[in-house]
Amino acid sequence: MDAYTILGAFVASGLTLFIYSFLYKDNPFFKIAEHLYMGVGLAWSIQLVIYKIIIPKVIEPLKPAWENGDWFTIWMVVIPTVLGISLV
């Protein structure tokens with residue numbers, strides 16, 4: 001095993017203990033782990049949306065349509081995108 005795998009295992013086990021420390025009482029270790037988990041989860045979901053939805057379903061169809069001046073395709077991509085963003 002390489003050093004990063006071992007370091008990751010130690011960090012994961014430490015954070016797990018930090019989360020379980022809430023069973024004793026609310027403490028700074030739990031708050032650190034809670035905020036770290038929430039931040040990592042949010043960052044993961046944001047990059048997933050960007051690379052799995054926005055780039056292949058919005059940017060990729062707009063590139064050739066913009067170069068060819070195909071306004072129908074542009075509006076058929078832009079209008080659902082704006083409506084989808086307005087749901088958030």
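The values are calculated or read from the model by the stated rules, or taken from the named source; none is laboratory data. None of the values given here were measured: they were computed from a predicted structure. Quick reminder, even Gly has a Cβ in these numbers, built from the backbone with ideal geometry, and neighbours come from all protein chains shown. These accessible areas exclude ligands, DNA and RNA; they are computed on the full protein's heavy atoms, side chains included. Shrake-Rupley method; radii C 1.70, N 1.55, O 1.52, S 1.80 Å.
Largest GNM mean-square fluctuation among Phe29, Phe72, Phe18, using the chain with Cα springs under 10 Å: Phe72. Mean projected area of the convex hull spanned by the Cα atoms of the chain, taken over all viewing directions: 9.4 nm². Note on Leu7: accessible area is roughly 100 Å² with a 1.4 Å probe, heavy atoms of protein only.
How many percent of the accessible area of the range 19-75 is carbon or sulfur, using a 1.4 Å probe?
Details: 3590 of 4900 Å².
Result for the range 19-75: 73 percent of the exposed heavy-atom area is carbon or sulfur.
Return one number: the angle in degrees, 0 to 90 and rounded to the nearest 10, between the long axis of the Cα atoms of helix 3-20 and the longest principal axis of the Cα atoms of the chain. So the inclination is approximately 70 degrees.
In what sequence, largest accessible area first, do Glu67, Glu34 appear using a 1.4 Å probe? Walk me through the intermediate numbers first.
On the way: Glu67 150, Glu34 80 Å².
So the residues, ranked largest to smallest area, are Glu67, Glu34.
Of the trypsin sites (Lys or Arg not before Pro) in the chain, the ones in a loop by DSSP (not H, G, I, E or B) with at most 15 other beta carbons within 10 Å are Lys25.
Against the main long axis of the alpha-carbon atoms of the chain, helix 71-86 sits at an angle near 30°. Note on surface exposure: Ser21, Ser45 rank Ser45, Ser21 by accessible area, highest first, 1.4 Å probe. When the dipole is taken about the Cα centre of the chain, and only Lys, Arg (+1) and Asp, Glu (-1) are charged at their Cβ, what size is it in debye, to the nearest 20? Taking the Cα centre of the chain as origin, the dipole is about 180 debye.
On a per residue basis, the chain carries 85 Å² of accessible surface, using protein heavy atoms and a 1.4 Å probe. I'd like to know which of Pro61, Ser21, Ile50 lies farthest towards the positive end of the charge dipole of the range 21-82, counting +1 on Cβ of Lys and Arg and -1 on Cβ of Asp and Glu. Going by the Cα projections, it comes out as Ser21.
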